[in-house]
Every structure is written in structure tokens, then in C-alpha cells.
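Q: This is the structure I want to talk about, given as C-alpha cells.
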Amino acid sequence: MHIVSRYIATAWLRMLLLCQAGFLAIYLILDFMEKFGRFMRYGASPWAIAQFFLFKLPEMIGQSMPFAVLMATLLTLGMLSRSSELTALRSCGMSLPRITLPLLVLGLGCSLLLLFNAELLVPQAYNRMEYVDKVLIRKKDRSTVFRLNNIWFRSNNLLLQAKVFDPTAVVLKGVTVWEVSRLMEPVRRLDAERAVYGQSGWQLEQVKIRPFGSGSRQVQRVERLPLELNLKVEDLRILDNKADNLSFRELREYATSLQNGGYKADRYLTMMHAKLALPFGALVMVVLGIPFALKTGRTAGVAKGVAIGVALGFAYFIINTAVQSYGRSGVLPPLVAAWGANLIFVLSGIWLAMTVKQQ
């Protein structure tokens, strides 16, 4: 590696570690303050709390590293510009693309690292964190079981299976309920298109009732049927939150199973494509941060560089969330929604870089 490239790469990596450590510290403090009351209410032990945040670290790194990469790019090039080192390099005949090439390579490396983190570390760590939170901290029995393609729940003499939970409409779809006796013998089976949650609790719609035993076995059809089920909506929302921490492969299998069952899977297809798009946000931040740093580097102080980084990171977060929401609702194709923000910011960075060359 060229000595200049090593020098720039070393300065950038040093700044990245500093920014990443700062973001993680802020994230941990704010998250701990938010959950402190709940930890005390359940009497959580210090070891359980430590395990909770330890297993949450991969998720924290995945969410904060793109912004740390952006901040490191702005501050590194800003300091090199203020010390006239960039001017000296350009006077020696080095072009701006050649000077910033190490940052682009390192940004790509961070994206690949984030992709590895999202695919392998986050899903396993999230499962462990969920176990610590539910069992060790809140001391709950896990009566609700979530799988990729179905939901199982037991309440007294009822066994429920549902294929899909729609968190926006608070509806379970593809519902089957078995009513059993004390000896676990089947009494009747209820097949419903959906189960809707309202003020009076859960209610089945479009129901087929199949009784068992020596009596009548004729199938009955009713439009609506109340269901005494001790299933909380808050527990079901965990499934939707957990989807953000599934791997690309798991989301693809889940979306495929929904489509095979005749259900819309735009929400999970968007999440699936975002699993590949979001890690490359680190490279996008480098592409966007380079022209900003070169245009303001000599006149901007550290505080202004931090402010620009926060503003750009916030804009990326808002636009990415907005575009993905259109994909999850089916307005935009999932692939476009997942990669839309990256494309917008990459094109913006290229355009800004072209204006820097003209100066």
C-alpha cells in the first residue's frame, strides 16, 4: 500500500474507532436509562442486565456504524484539509479520487462487516437477548411460540395456530383453534379466515366448526364467533419486531411461505432486501461524506463537522424510513424501497463530488 494511503487509512480508522465508541456509549446510556425502571420493577440481577446489553451489542453496532463511518470521513478529511495536507498532496500531482480511494475501500470493508454482522451475529444474539429479557428479567413462561411460518399459543383448554399476524390491523390470519378436554382429547376444531382483536377480546370471522366425539359431526359455518383467549397483542407485536432481526435467508423463507399461502408479503420482502441494502449504507456514507468534507474542510471546525454529520445521518434515516414504508405497504416494489435511499444519497454524493472537482 502507498505510504500516503496508509497514512490516510490509519487516520480514518483511528477516528472511526473513536466515533463508534462514542455512539455505542451514548446508545448504551440512553437505552439503560429507558429500561432502568423496568429492570428495577422486575428485580433484575446485575448479571442479567449485563447479559441483556451484551447480546444487544451486535444490533447496536449495526445501527450506529454507518453514522460513525460518516462522522469519521468528515472529521478525517476536515483535519487533513485544515492542516493543508490535502493541498500538499494535490500539489504533488495526486488527484482527489486517488487521495480518497482508501476511504472508499475501507467503507466497502465496513459494509461487508455489517453484512456479516446482520446475517450471522444479530439473529443469534437477538434470540439470546429475548430469552434473557423474558425469562431471566421478567421471569415469564414462554407460552407463545413464534416460528417463521406460524404462531402457536395455548390458553386453558384452547390451542391456537395462526399463519400470519398483521400488526397494523391487529389481525391474525389463517387461524385454527383446537378445543380439548382435561385429558387432552379433541372436542372440536375451529377454522377461521381471521381473528380480530377488539374491545371485547378476540373474535373469529368466517368460521367452520368441526365437532368431535360420538355426537353430530356436521360442519357448521358462522360469520363470527367470540373466543376467550388470553393472548396479548403486545406479545404478538414481538413477532413483528423480531422480523427486523431475522437474517436474509429467514425472511426469504417467511415471505415465500406467506406468498404460497396466498397472503401479501410486501412488508417482509422489503425487510429482506433491506438486509442487503442497509449494510451498504456505510459505503454510501463515505461517498456522501467525502465531497461535504472537501467543500467545508478548511473553514469548518470540529463542532460544525459533527453538526453536518448528524444532519446528514438524520436525513438518511428519515428518507430511508419513508421510502421503506412505501415498500412495506405495497406502494413501491420491495427492491426499489429497500435500495431507494442508498441510490438517492449515492447520486447526491457523486453530484457533489463533481462540483468539488470544478473548484
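Q: So is Phe39 touching a residue at least 12 places away in the same chain (Cβ under 8 Å) and either over 25 Å from Ala282 (Cβ atoms) or touching a His at 6+ places or on another chain (Cβ under 9 Å) (or both) or not? Show your work before the answer.
A: Numbers: touching a residue at least 12 places away in the same chain (Cβ under 8 Å): yes; either over 25 Å from Ala282 (Cβ atoms) or touching a His at 6+ places or on another chain (Cβ under 9 Å) (or both): yes.
Answer is yes for this residue.
Q: A follow-up question, please. Return the pairs, sorted by first residue and then second, in which the second residue is surrounded by 13 or more Cβ atoms within 10 Å (Cβ to Cβ) and outside any loop (DSSP other than H, G, I, E, B), the first residue lies in the range 209-222 and is not assigned by TED's automatic domain parsing to the domain that holds Arg188 and modelled with pLDDT under 80, the beta carbons are less than 6 Å apart, and the residues are 6+ apart or on different chains.
A: none
Q: Could I ask something else about it? Please pick out the residue among Met94, Met15 that is part of a helix (DSSP H, G or I), in the same structural domain as Gly309 (by TED's automatic domain parsing) and hydrophobic (A, V, I, L, M, F, W, C).
A: Values: Met94 fails: part of a helix (DSSP H, G or I).
Of the residues listed, the single one that is part of a helix (DSSP H, G or I), in the same structural domain as Gly309 (by TED's automatic domain parsing) and hydrophobic (A, V, I, L, M, F, W, C) is Met15.
Q: A further question follows. Does the range 82-89 include one or more residues that are assigned to a helix (DSSP H, G or I) and within 19 Å of the chain's Cα centre (by Cα)?
A: Let us first name the residues in the range 82-89 that are assigned to a helix (DSSP H, G or I), namely 82, 85-89.
The next check asks that each one be within 19 Å of the chain's Cα centre (by Cα); those that pass are none.
Within the range 82-89, none of the residues are assigned to a helix (DSSP H, G or I) and within 19 Å of the chain's Cα centre (by Cα).
Q: Additional query: How many of the residues in the range 174-228 are exposed (fewer than 11 other Cβ atoms within 10 Å of the Cβ) and among the basic types (Lys, Arg)?
A: Selection size over the range 174-228: 3.
Q: Related question: From the list Ile61, Ile49, Ile99, which one is modelled with pLDDT under 90 and part of a helix (DSSP H, G or I)?
A: Ile99
Q: How many of the residues in the range 73-110 are within 13 Å of Leu13 (Cα to Cα) and of a type in the set (Val, Ile, Thr)?
A: So the count comes out to 3.
Q: Could you name every one of the helices (runs of 4 or more DSSP H) located completely within the range 240-327 that has at least 3 residues being modelled with pLDDT of 85 or more and surrounded by 22 or more Cβ atoms within 10 Å (Cβ to Cβ)?
A: Working: elements: 248-260, 266-277, 281-296.
Where helices (runs of 4 or more DSSP H) fall fully within the range 240-327 and carry at least 3 residues being modelled with pLDDT of 85 or more and surrounded by 22 or more Cβ atoms within 10 Å (Cβ to Cβ), they are 266-277, 281-296.
Q: Okay, next question. Inside the range 328-349, can you point out the residues that are out of contact with any helix residue (DSSP H, G or I) (no Cβ under 6 Å at 6 or more places or on another chain) and either surrounded by 13 or more Cβ atoms within 10 Å (Cβ to Cβ) or of a type in the set (Ser, Thr, Tyr) (or both)? If you could, list the steps in order and put the result at the bottom.
A: Start the filter on the range 328-349 by keeping residues that are out of contact with any helix residue (DSSP H, G or I) (no Cβ under 6 Å at 6 or more places or on another chain), which leaves 329, 331, 333, 336, 343-344, 347-348.
Within the range 328-349, Ser329, Pro333, Val336, Leu343, Ile344, Ser348 meet the criteria.
The values are calculated or read from the model by the stated rules, or taken from the named source; none is laboratory data. Since this is a predicted model, take the numbers as computed values, not measurements. No Cβ is skipped: glycine too gets one built from the backbone with ideal geometry, and neighbour counts run over all protein chains shown.
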